[in-house]
1. Any idea what log10 I(q)/I(0) is at q = 0.28 Å⁻¹ for the stretch 31-107, Debye with uniform C-alpha scatterers and no solvent?
2. Rounded to the nearest 10 degrees, what's the angle between the helix 251-260 long axis and the longest principal axis of the chain, both from Cα atoms, 0 to 90?
3. Would you kindly give the portion of the calculated P(r) for the stretch 172-259 that falls above 17 Å, as a percent of all Cα pairs?
4. Between Thr222, Thr42, Thr251, find the one with the highest GNM mean-square fluctuation for the chain; connect C-alpha pairs within less than 10 Å.
5. Taking the Cα centre of each part, how many Å lie between the stretch 122-149 and the stretch 165-203?
6. Express the Stokes-Einstein translational diffusion coefficient of the stretch 1-155 in µm² s⁻¹, to the nearest whole number, given a Kirkwood radius over alpha-carbon pairs, 10 °C and a viscosity of 1.306 mPa s.
7. Does the stretch 84-156 come out rounded, prolate or oblate, given a ≥ b ≥ c as the square roots of the eigenvalues of its C-alpha gyration tensor, rounded meaning a/c under 1.5 and, failing that, prolate meaning a/b above b/c?
8. Using Cα positions and a limit of under 21 Å, work out the lysines in reach of Lys246, with same-chain residues fewer than 8 apart set aside.
Amino acid sequence: MTSLVPAPGRDGSAGIETIAESLVCPGCAARVAIGSDSIDCTSCGASYPLRDGIALLAIRGTSETWGEPQAGEQSTSYQGEYQRVDRAAAYNLSYRQRLLKRQSTQREFKLLRQLIGRVGRSRIILDLPCGGSRLTPAFAASADLVIEADIAHGQLLFGRAESSVTTPRLWMTASAFHIPLRDGSVDGTVCVRLSHHLPTAAERERLLTELLRVSRRFVIMTFFDHHSLKNVLRRLRRPLDRQPPKMTMTTARVAELAQERGARLVAAPPLSRIGSGHRYALIVKDQGIA
Ligand SMILES: C[S@@+](CC[C@H](N)C(=O)[O-])C[C@H]1O[C@@H](n2cnc3c(N)ncnc32)[C@H](O)[C@@H]1O
Ligand SMILES: [Zn+2]
């Protein structure tokens, strides 16, 4: 396949204009005009800054921003957790320094490579939330371009400075609830370790709706399995330690949500049967498997 993506700059980064045709206003979905220091909506008048090569396109907030009633507990405060680069660094360095986390990352690389292998080569993969680009090297070589997006500016700054892949990448802040891209504008989206931070069913459903809207062929999304050993033990211990319940989903519910959105869950391998409750769901659309 010939790459349609322009050659990257010397630091491996592609400019936001690379995806000019795919970008839309995260607020109203209209076309945007890319200027030298901002991206401006041609319809609602919103203006999004371009700072140090990062497009700041994130809309903060949850269900109130898409017109559903606000629940008592939502993920609003979590959206602010890694805005500062020192907080992002602490998160990402813990994955490099702690043995169990390093082993988990190795298993995650293996799972991602297996699942990406099933969908074949992509022109564009969206990594959302990319965090500090911990997992991008696992799949970047399978695409001509990777879009690195996260609601937290600090994570993007950390990932851009600390990770390296040869595939061209571009960076933008974005909310997974309001992805600033046209329908079907990327081949697929990788969404690791976000859904279990979303306390309401409305947030988790909105997440999958958005991921599938922008993805033409596939979505890889992790979820914390309600029936995992880890969650069963946590529920048994709860009367004693009063730990809050995990935000879980069942594999059956993920399959149902995919089907309601015209897609199919084809695999959901566990990260570990004992040490982790996370599963990696591969959801494909009709033209999903290359
Ligand atoms: C646990 S980290 C996972 C990052 C990366 N996928 C990884 O596995 O290393 C979750 C990330 O989700 C981001 N986040 C939280 N709410 C978000 C939202 N609504 N949209 C996009 N990113 C969000 C946080 O800033 C954080 O970087
Ligand atoms: Zn707009």
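1. Per q value, in the given order, log10 I(q)/I(0) is -1.16.
2. Result, in degrees: 40.
3. That fraction is 53 percent.
4. Highest fluctuation of the listed residues: Thr42.
5. 10 Å
6. In µm²/s, the coefficient is 89.
7. oblate
8. Lys101, Lys230
FYI, it's all coordinate maths here, none of it is from the lab. Quick caveat: nothing in here was measured; it's all calculated off a predicted structure. Cβ coordinates were reconstructed from backbone atoms using ideal geometry, including for glycine residues, and neighbour counts include every protein chain displayed.
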